[in-house]
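K.L.:
Quick one: this structure, given as C-alpha cells, is what I'll be asking you about.
The values are calculated or read from the model by the stated rules, or taken from the named source; none is laboratory data. Bear in mind the structure is a predicted one, so any value in this text is a computation, not a measurement. So basically every Cβ, Gly included, is an ideal-geometry build from the backbone, and we count neighbours across all protein chains shown. Side chains included, ligands, DNA and RNA excluded: accessible areas come from the protein's heavy atoms. Shrake-Rupley method; radii C 1.70, N 1.55, O 1.52, S 1.80 Å.
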Amino acid sequence: MSKQVYTFGGGANGASDDPRTRDKTIVGGKGANLAEMAGIGLPVPPGFTITTEECVRYLASGADFSPELRADVATALTHIEGSVGKSFGNAADPLLVSVRSGARVSMPGMMDTVLNLGLNDATVQGLAATSGDDRFAWDSYRRFIQMYSDVVLGIEHHLFEDALEIVKEDNGFFTDVEMEAEHWQALVGEYKDIVAEALGRPFPQDVQEQLWGAIRAVFDSWDSDRAKVYRRLNDIPGDWGTAVNVQAMVFGNMGDTSATGVAFTRDPATGERAYYGEWLVNAQGEDVVAGIRTPQYLTLKAREAANAKPLSMEEAMPAAYTELARVFDLLELHYKDMQDIEFTVERNKLWMLQTRSGKRTAKAALRMAVEMVGEGLIDEATAVRRIDPMALDQLLHPTLDPNAPRDILGKGLPASPGAASGAIVLDADTAEHRAELGEAVILVRVETSPEDIHGMHAAKGVLTARGGMTSHAAVVARGMGRPCVSGASAISIDMPSRTLQIGNRKLKEGDIITLDGATGDIMAGEVKTIEPELVGDFGTLMVWADQHRRMKVRANAETPADCRMARQFGAEGVGLCRTEHMFFEAGRISAVRQMILAEDEGGRRAALEKLLPEQRADFRAIFEVMAGLPVTIRLLDPPLHEFLPHGDAEFEELAQTIGIGAETLKRRAGELHEFNPMLGHRGCRLGITFPEIYEMQARAIFEAACDVAEASGEAVVPEVMIPLVATKRELEILRGLVDRTAVKVFEEKGRKLEYLVGTMIELPRAALMAGEIAEEAKFFSFGTNDLTQTTLGVSRDDAARFLGPYVEQGIYPRDPFVSLDVDGVGQLVKIAAERGRATRPDIKLGICGEHGGDPASIAFCEAQGLDYVSASPYRVPIARLAAAQAALG
Ligand code: PEP
Ligand code: MG
C-alpha cells in the first residue's frame with residue numbers, strides 16, 4: 001500500500017522526492033502547494049498531510065481509522081515536534097497545531113480550519129509561560145474552544161458570541177481589544193460550561209482526542225450536505241475525497257510585532273501587476289475574513305489611493321513586508337501564475353500558510369496573461385490555454401457597474417448575457433413603437449414567438465415568465481446580443497390592465513426595470529452599466545488564439561447588423577442564416593400570410609412574387625457585408641402556421657388586404673393546425689410540397705449574389721442549405737430545384753458563380769444515412785438543436801420544466817441543449833461525419849446548433865475534425881478561443 005501520511009517543512013524543508021507529495025489528487029491542492037513551497041525553501045510551518053485516498057478509505061469503511069494511519073500520524077507528529085522543539089500535549093511547552101481540509105480543488109462547502117489545537121487547562125498555562133503573555137494564551141484557548149465546538153462538535157456558534165458580548169457589556173467594553181487576560185480566562189470557563197451543557201460531557205482535554213476529532217470532522221465534511229451541493233454545482237465527482245493538513249501553529253496574535261493577512265500577487269480585479277491584499281496586526285487568520293475588525297491595506301500605494309488612515313504593512317512592518325514581496329516574486333516565478341496567498345507574521349518572522357492560483361475577473365485574466373507573456377513568464381500558447389472562454393462573455397456585453405446599488409425584484413434564468421435598463425413594454429408592437437420614439441424598452445412576455453422578433457430587436461432586453469435556456473426568447477436574444485432573462489416564474493402579467501407582478505411587487509407598463517442577463521437578476525429602476533472593451537489585451541489574446549486554431553469560426557446571423565457585428569468579432573463567414581425571420585418584417589408578413597393561405601399554386605406564386613424583391617434585398621445586404629466570405633443560407637424551416645394571424649382583428653385586417661373573406665381565411669388556418677408541429681410540416685417538407693417557396697428563395701439568393709459580384713467584384717460563395725432532411729431523395733429533389741434555378745438566374749444575368757448545396761443533419765435518420773445523403777450534399781451542417789431534440793425525444797421548447805432535476809440527479813451531466821450530449825448525440829455526429837466523408841472525402845462539415853458556441857462541444861467538434869463551428873455573433877470570440885484551446889489539446 002502507498003504511503004498515506006506525508007510530512008513537509010521543518011529541518012531540511014522536508015522536501016521529498018516522492019511525486020505523490022506534489023500531486024493534488026493525492027495530497028489535495030493545499031497540501032501539494034505547502035509541500036511545494038517548503039521544497040523551494042520558503043518559510044512554511046512544518047506539518048503533515050493525510051491523503052485523499054485515506055479519506056475515501058475511511059468513508060468506505062464506515063468511519064474507521066486504521067491502526068496504520070494512527071501509527072503514521074504519530075510518527076508525523078514527531079516530525080513537527082522535532083522541527084519546532086515543542087511537544088504535543090506537553091504542559092510546560094506545548095506544540096499547537098492547525099487542522100485544515102484540502103481537496104483537489106478548493107471547496108468552500110467543506111470544513112475549513114481549526115486553529116490552536118492542543119490547548120487544554122494545563123497547556124494553556126505552558127503557553128502563557130513560554131510566550132510571556134497571559135492574555136494571548138487565554139485568548140487563544142477561548143478561540144480554540146469556540147472554533148472546535150463549532151466545526152468539530154457541532155455546537156452553535158452564536159452561543160459563544162452571545163457569551164462574549166455579555167462579558168464585554170458587563171465590563172463596559174466596546175471591542176475585543178479591551179479584554180484583558182482575566183476576562184478571557186473567565187470566558188473560557190463559560191465556554192466550557194456551554195459545551196458541557198450542549199454535549200452532556202466536558203470539552204475534550206486529551207490532545208490526542210482533539211486531534212482525531214478534528215481529522216474525523218474533516219473526513220466527514222466531505223459528505224456534508226453543503227459539500228454535496230457545492231460538488232453538484234461545480235461538477236466535482238463525489239469519489240475524490242479530501243486531504244487533511246496538520247501544521248504547527250504560528251501566531252499572528254502575539255502582540256504588535258505579529259500580524260496575519262491574505263494577498264494576491266497581482267490585482268485580481270484589474271490584473272495590474274501590483275501586490276494586492278489585506279492584513280491585520282495582532283490577529284489570527286479568521287479575523288481578516290470574519291469582518292470583526294476592518295483589515296488594513298498591504299501597500300502604501302493602495303492605502304493612499306483609498307485615502308485610508310491605518311498604516312499599510314509596507315509602512316508598519318517594513319522588514320516583514322520586504323520578505324513577503326520577495327516571496328510573492330518567487331512564487332509567481334515558480335508557479336508562473338498569479339497567486340492567492342495566506343501568511344502570518346509571528347514576532348517579525350514571516351510564515352507562508354497557503355498559496356494557490358488566484359481567481360480573477362475576465363479583464364484581469366486577459367491583462368495578466370498578456371503581460372506575463374511580455375515578461376517572459378509564460379508563452380503564448382499557455383496564455384491562450386489559461387483564459388476561460390466563457391469568462392469572455394463578461395467583456396462582450398455592457399455589464400452592470402458592480403458598485404451600483406441594486407433593488408432586486410426577482411430572478412430568472414441567465415439566458416443571454418449583458419445588462420439593460422428600460423421601460424417595461426408588454427407586446428412587440430408597443431416595443432417597436434416606443435423604441436422608434438427613442439425610448440429604451442424591455443420587452444416582457446409570458447414567452448416569445450417568432451412574431452415578437454421585431455419587438456425583441458427594438459428592445460434593449462427581453463424578460464419572459466416561461467421558457468428555458470434554449471427557448472425562443474433565449475436563442476433569439478443571444479443571436480441578437482440582447483440581454484435576456486427567461487423562465488422567471490415569479491412574474492405574472494395581466495394584459496387587460498397592462499400591469500405585472502414580480503413576487504409581491506406590482507409594476508405597470510412604462511416602469512423602468514434593469515435585467516442582468518448574466519445572473520438572471522431583475523431589478524427595479526435603472527442600474528448603471530459599463531460598456532464592453534474589445535481592444536487591447538483582448539485583441540492581442542485573440543490574435544494568439546487564431547494562430548493556434550484549426551477550425552474556422554462562423555456566425556449564426558440573419559441581418560446585416562448581426563453580420564457586421566459578427567465580422568467585427570472575427571467571424572469567418574455565416575454558418576446559418578435563418579430566412580424565416582425575414583418573413584416577419586413589417587410590410588412583408590401580409591404577403592407571407594397570403595402565400596400560406598392561398599388555395600392553390602397560382603395564389604402562392606402571386607404572393608411569392610411580392611416577396612422576391614424583399615428577399616433579394618435582404619441577401620444583397622448580407623452578401624455586401626460578408627463579401628469574400630462564405631454565407632450559408634438556410635431555406636424556410638418552421639411550420640407555416642407560425643406566421644398566421646392571431647385573433648379576429650388580425651384576420652379581418654388580412655381579409656381586407658387580400659380580398660378573401662375572414663371566415664375562409666380562418667378555415668384555411670384551421671386546416672394548418674398540427675398536433676406536433678416540431679415533427680410536422682416543416683423543413684424540407686415545405687420545399688417538397690410547395691416547391692415554389694424554395695424556388696423563390698433560391699432565385700433571391702442567386703440574383704443577389706450576381707448583383708453583389710457585379711457591383712463589388714468581390715465574390716461571395718452562397719451555400720444553400722436544406723433543413724430537416726431525413727432521406728437522400730428529399731435532397732435529390734430539392735437540390736435539382738436549386739440547381740435549375742441557379743442555371744436560369746445565371747443565364748438571365750449572364751454570369752456564373754460558384755455555390756454549394758448542402759444539408760443540415762438534424763435528424764437521427766439523416767445521421768445514419770449520411771453516406772447516401774452525401775451523394776447529394778457538398779456540405780453537412782449539424783443542427784444539433786433539432787438533433788438533440790429528436791435523438792433524446794425531448795422537446796426543446798418544453799425541456800426547461802424538467803431538465804433542471806435531470807441535471808441535478810446526474811442523468812445528464814449538463815443541459816444537453818447547452819452542451820452537446822457527447823455520449824449519445826455525439827455518436828450520431830461522429831457516424832454522420834465518417835459516413836459523409838467516406839462518400840465525399842472533401843465534404844465540408846460544420847455545426848450551427850447552439851452548441852457551436854459552447855467550449856466543451858467545440859472541443860468535441862475539433863476531435864471529430866469538423867471544418868468550422870458557427871455561433872451567435874457575441875459568441876464568436878468565445879468560439880475562437882475555445883477552438884484554439886481544443887486544437888492545443
Ligand atoms: C438546429 O436545429 O440545430 C438549428 C440550427 O436549426 P434551428 O435552431 O433553427 O431549428
Ligand atoms: Mg433545426
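K.L.:
Please determine whether any residue of the stretch 156-175 is assigned to a helix (DSSP H, G or I) and in contact with a strand residue (DSSP E or B) (Cβ under 6 Å, 6 or more places away or on another chain).
P.N.:
No, that holds for no residue.
K.L.:
In the set SER131, SER224, SER149, which member is out of contact with any helix residue (DSSP H, G or I) (no Cβ under 9 Å at 6 or more places or on another chain), open to solvent by less than 70 Å² (accessible area, probe 1.4 Å) and hydroxyl-bearing (Ser, Thr, Tyr)?
P.N.:
SER224
K.L.:
If you don't mind, another one. For residues that are of a type in the set (A, V, I, L, M, F, W, C) and within 16 Å of ligand 1 (Cβ to nearest atom), tally how many sit in the stretch 708-752.
P.N.:
Count: 6.
K.L.:
State which residue is farthest from ligand 1 (Cβ to nearest atom) when the search covers only the stretch 568-578 and only residues that are part of a loop (DSSP other than H, G, I, E, B), buried (at least 20 other Cβ atoms within 10 Å of the Cβ) and of a type outside the set (Asp, Glu).
P.N.:
Checking each candidate, the answer is PHE569.
K.L.:
Please work out which one of (1) open to solvent by less than 10 Å² (accessible area, probe 1.4 Å); (2) part of a loop (DSSP other than H, G, I, E, B); (3) more than 30 Å from TYR335 (Cα to Cα) is the condition SER140 fails and give its number.
P.N.:
Every condition holds for SER140 apart from (2).
K.L.:
Hey, can you tell me all the residues within the stretch 485-525 that are within 21 Å of PRO414 (Cβ to Cβ) and in contact with a helix residue (DSSP H, G or I) (Cβ under 8 Å, 6 or more places away or on another chain)?
P.N.:
SER486, GLY487, GLY517, ALA518
K.L.:
Kindly evaluate VAL27 against the criterion of being assigned to a helix (DSSP H, G or I), open to solvent by 10 Å² or more (accessible area, probe 1.4 Å) and either closer than 27 Å to ASP239 by Cα or at pLDDT below 95 (or both).
P.N.:
In short, no.
K.L.:
If you go through the stretch 702-717 one residue at a time, do you hit one that is at pLDDT 95 or above and farther than 30 Å from GLU609 by Cβ?
P.N.:
Checked the stretch 702-717: no residue is at pLDDT 95 or above and farther than 30 Å from GLU609 by Cβ.
K.L.:
Is the stretch 832-839 home to any residue that is surrounded by 17 or more Cβ atoms within 10 Å (Cβ to Cβ), modelled with pLDDT of 95 or more, within 14 Å of ligand 1 (Cβ to nearest atom) and closer than 30 Å to LEU392 by Cα?
P.N.:
So far as the stretch 832-839 goes, no, none of its residues is surrounded by 17 or more Cβ atoms within 10 Å (Cβ to Cβ), modelled with pLDDT of 95 or more, within 14 Å of ligand 1 (Cβ to nearest atom) and closer than 30 Å to LEU392 by Cα.
K.L.:
In addition: Here are some residues: ARG367, ARG385, ARG360, ARG347. Which one is at pLDDT below 95, farther than 21 Å from ASN245 by Cβ and buried (at least 17 other Cβ atoms within 10 Å of the Cβ)?
P.N.:
Being at pLDDT below 95, farther than 21 Å from ASN245 by Cβ and buried (at least 17 other Cβ atoms within 10 Å of the Cβ) holds for just one of ARG367, ARG385, ARG360, ARG347, which is ARG360.
K.L.:
Next question. Among the residues of the stretch 806-829 satisfying the criterion of being of a type in the set (Asp, Glu) and in a loop (DSSP other than H, G, I, E, B), which is surrounded by the most Cβ atoms within 10 Å (Cβ to Cβ)?
P.N.:
Step by step, filter the stretch 806-829, then rank; the result is ASP821.
K.L.:
If you don't mind, there's one more thing I want to ask. Answer with yes or no whether LYS301 is at pLDDT below 95 and in a loop (DSSP other than H, G, I, E, B).
P.N.:
For LYS301, the condition - at pLDDT below 95 and in a loop (DSSP other than H, G, I, E, B) - is not met.
K.L.:
With (1) surrounded by 23 or more Cβ atoms within 10 Å (Cβ to Cβ); (2) modelled with pLDDT under 95; (3) over 47 Å from the mean Cα position of the chain (by Cα) as the list, and VAL114 as the residue in question, which single condition is left unmet?
P.N.:
All conditions are met except number (3).
K.L.:
ALA420 passes all but one of (1) assigned to a helix (DSSP H, G or I); (2) buried (at least 22 other Cβ atoms within 10 Å of the Cβ); (3) aliphatic (A, V, I, L, M); which number fails?
P.N.:
(1)
K.L.:
List pairs: first in the stretch 251-277 and assigned by TED's automatic domain parsing to the domain that holds LEU311 and farther than 25 Å from SER140 by Cα, second modelled with pLDDT under 90 and of a type in the set (D, E, K, R), Cβ under 7 Å, 6+ apart or cross-chain?
P.N.:
Close Cβ pairs satisfying both conditions: PRO268/LYS359; PRO268/ARG360; THR270/LYS363; GLY271/ARG360; GLY271/LYS363; ALA274/ASP267; TYR276/ASP267.
K.L.:
Quick test of your reading of the structure: GLU209 fulfils all but one of (1) part of a helix (DSSP H, G or I); (2) at pLDDT below 95. Name the failing condition by number.
P.N.:
In the conditions (1) part of a helix (DSSP H, G or I); (2) at pLDDT below 95, GLU209 misses (2) alone.
K.L.:
A further question on this structure: Listed residues GLY659, GLY647; which is more than 47 Å from the chain's Cα centre (by Cα) and closer than 24 Å to ALA586 by Cα?
P.N.:
Being more than 47 Å from the chain's Cα centre (by Cα) and closer than 24 Å to ALA586 by Cα holds for just one of GLY659, GLY647, which is GLY659.
K.L.:
How many of the residues making up the stretch 764-794 are within 13 Å of ligand 2 (Cβ to nearest atom) and open to solvent by 20 Å² or more (accessible area, probe 1.4 Å)?
P.N.:
Of the residues in that region, 2 qualify.
K.L.:
So ASP797 passes all but one of these: (1) at pLDDT 95 or above; (2) within 16 Å of ligand 2 (Cβ to nearest atom); (3) among the acidic types (Asp, Glu). Which condition number does it fail?
P.N.:
(1)
K.L.:
Based on what the data block shows, is MET565 within 16 Å of ligand 1 (Cβ to nearest atom) and modelled with pLDDT under 95?
P.N.:
no
K.L.:
Which of the residues that make up the stretch 635-656 are within 16 Å of ligand 1 (Cβ to nearest atom) and either open to solvent by less than 50 Å² (accessible area, probe 1.4 Å) or outside the structural domain of VAL592 (by TED's automatic domain parsing) (or both)?
P.N.:
LEU635, LEU636, ASP637, PRO638, PRO639, LEU640, PHE643
K.L.:
Here is a check on your reading of the model: is GLY602 more than 16 Å from ligand 2 (Cβ to nearest atom), over 23 Å from ALA871 (Cα atoms) and either at pLDDT below 90 or open to solvent by less than 10 Å² (accessible area, probe 1.4 Å) (or both)?
P.N.:
In short, no.
K.L.:
I need the full set of residues from the stretch 537-560 which are part of a loop (DSSP other than H, G, I, E, B) and either at pLDDT below 90 or touching a Phe, Trp or Tyr at 6+ places or on another chain (Cβ under 9 Å) (or both), in order please.
P.N.:
Hit for the stretch 537-560 is MET551, nothing else.
K.L.:
Can you say whether LEU845 is away from ligand 2 (no atom under 16 Å from the Cβ) and either over 30 Å from ASP225 (Cβ atoms) or in contact with a His (Cβ under 6 Å, 6 or more places away or on another chain) (or both), as far as the supplied structure shows?
P.N.:
When the stated conditions are applied, LEU845 passes them.
K.L.:
Condition (residue is open to solvent by 10 Å² or more (accessible area, probe 1.4 Å), more than 16 Å from ligand 2 (Cβ to nearest atom) and farther than 14 Å from GLU580 by Cβ) applied to the stretch 674-683: is it met by at least one residue?
P.N.:
The answer is yes, given that some residue of the stretch 674-683 is open to solvent by 10 Å² or more (accessible area, probe 1.4 Å), more than 16 Å from ligand 2 (Cβ to nearest atom) and farther than 14 Å from GLU580 by Cβ.
K.L.:
Continuing with the same structure: Is there any pair with a first residue in the stretch 158-185 that is more than 22 Å from ALA198 (Cβ to Cβ) and free of Cβ contacts under 8 Å to residues at least 40 places away in the same chain and a second that is charged (D, E, K, R) and surrounded by 12 or more Cβ atoms within 10 Å (Cβ to Cβ) whose Cβ atoms are under 6 Å apart and which are 6 or more apart or on different chains, and what are they?
P.N.:
Hits for this filter: zero, empty list.
K.L.:
Right, another one. Can you name every residue in the stretch 698-742 that is assigned to a loop (DSSP other than H, G, I, E, B), away from ligand 2 (no atom under 16 Å from the Cβ) and without any contact (Cβ under 8 Å) to a residue 60 or more places away in the chain?
P.N.:
Result: GLY713, THR727.
K.L.:
What are the residues in the stretch 743-763 that are more than 16 Å from ligand 2 (Cβ to nearest atom) and either of a type outside the set (Lys, Arg) or not assigned by TED's automatic domain parsing to the domain that holds VAL725 (or both), if any?
P.N.:
VAL743, VAL745, PHE746, GLU747, GLU748, GLY750, LEU753, GLU754, TYR755, LEU756, VAL757 - these are the residues of the stretch 743-763 that are more than 16 Å from ligand 2 (Cβ to nearest atom) and either of a type outside the set (Lys, Arg) or not assigned by TED's automatic domain parsing to the domain that holds VAL725 (or both).
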